[in-house]
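Right, one structure below, let's go through it.
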Amino acid sequence: MSLSALRSVLFALSLLTGSAMSLRAQAAPPPAGKDPLFQTIASLDTALFDAANRCDLDKLGTYFTDDLEFYHDKTGLAVGKQDFLQKTKNNLCDKVRRELVPGSLEVYPLKGYGAVEIGVHRFHHPGHDDTIGVGEAKFIHVWQYKDGAWKISRVISYDHH
C-alpha cells in the first residue's frame, strides 16, 4: 500500500471515529438535576401520585388524556381515563400508597410529542410498617404536551413482584 493510500485510510478512520464519538456525546442525556424536562416530569410525577395516594380522583384525572391506554402485566389493557379512574377507586384507594424508588427515574424527550418517563415504584399498605411493601414494579409513562398542558396518554406497568 502506498503512503498516499495509507494516509487516505487513516484519514477516513479518524473521521469515522470522530463521528462516532460525536454521536455518543450527543446521545448522552444531560445530568438529571440540571435538565429542565427531567425537573418538569419529576414534579408532575410527584403531583400525580400525591393525588393518587390521597384518592383525589378529580385531580388525578387531570393528568391523563381521555383516550388513555394502560397496559398492565397482570390485568391487561384498560382503555380510557374513566375506566382507569374507576379501577383506581376500586383497587387502590385507601389500600396502597405509591412511592417512587429513589434514583430510578429517567426522562427522555419525544420530539414533537412530549416525553417518556421510566422508573420503578414501590407500593405500601397504609397504616402498616413502611418496611412491609406490597411490591415493586417498573413503569413507563408517555407524556403528551398539548395546548400548554402535560398529560399521560400511555402507561405500561410491568414486572410486578
Exercise for review: Could you tell me whether any residue of the range 13-35 is surrounded by 12 or more Cβ atoms within 10 Å (Cβ to Cβ), at pLDDT 95 or above and touching a helix residue (DSSP H, G or I) at 6+ places or on another chain (Cβ under 8 Å)?
Suggested key: no
Exercise for review: State whether the residues of the range 82-104 include one that is within 13 Å of the chain's Cα centre (by Cα) and assigned to a strand (DSSP E or B).
Suggested key: yes
Exercise for review: Kindly indicate whether residue 115 is more than 12 Å from the chain's Cα centre (by Cα), outside any helix (DSSP H, G or I), surrounded by 15 or more Cβ atoms within 10 Å (Cβ to Cβ) and of a type outside the set (Ser, Thr, Tyr).
Suggested key: no
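The values are calculated or read from the model by the stated rules, or taken from the named source; none is laboratory data. Computed from a predicted structure; not experimentally measured. Virtual Cβ from ideal backbone geometry, glycine too; neighbours counted across all protein chains shown.
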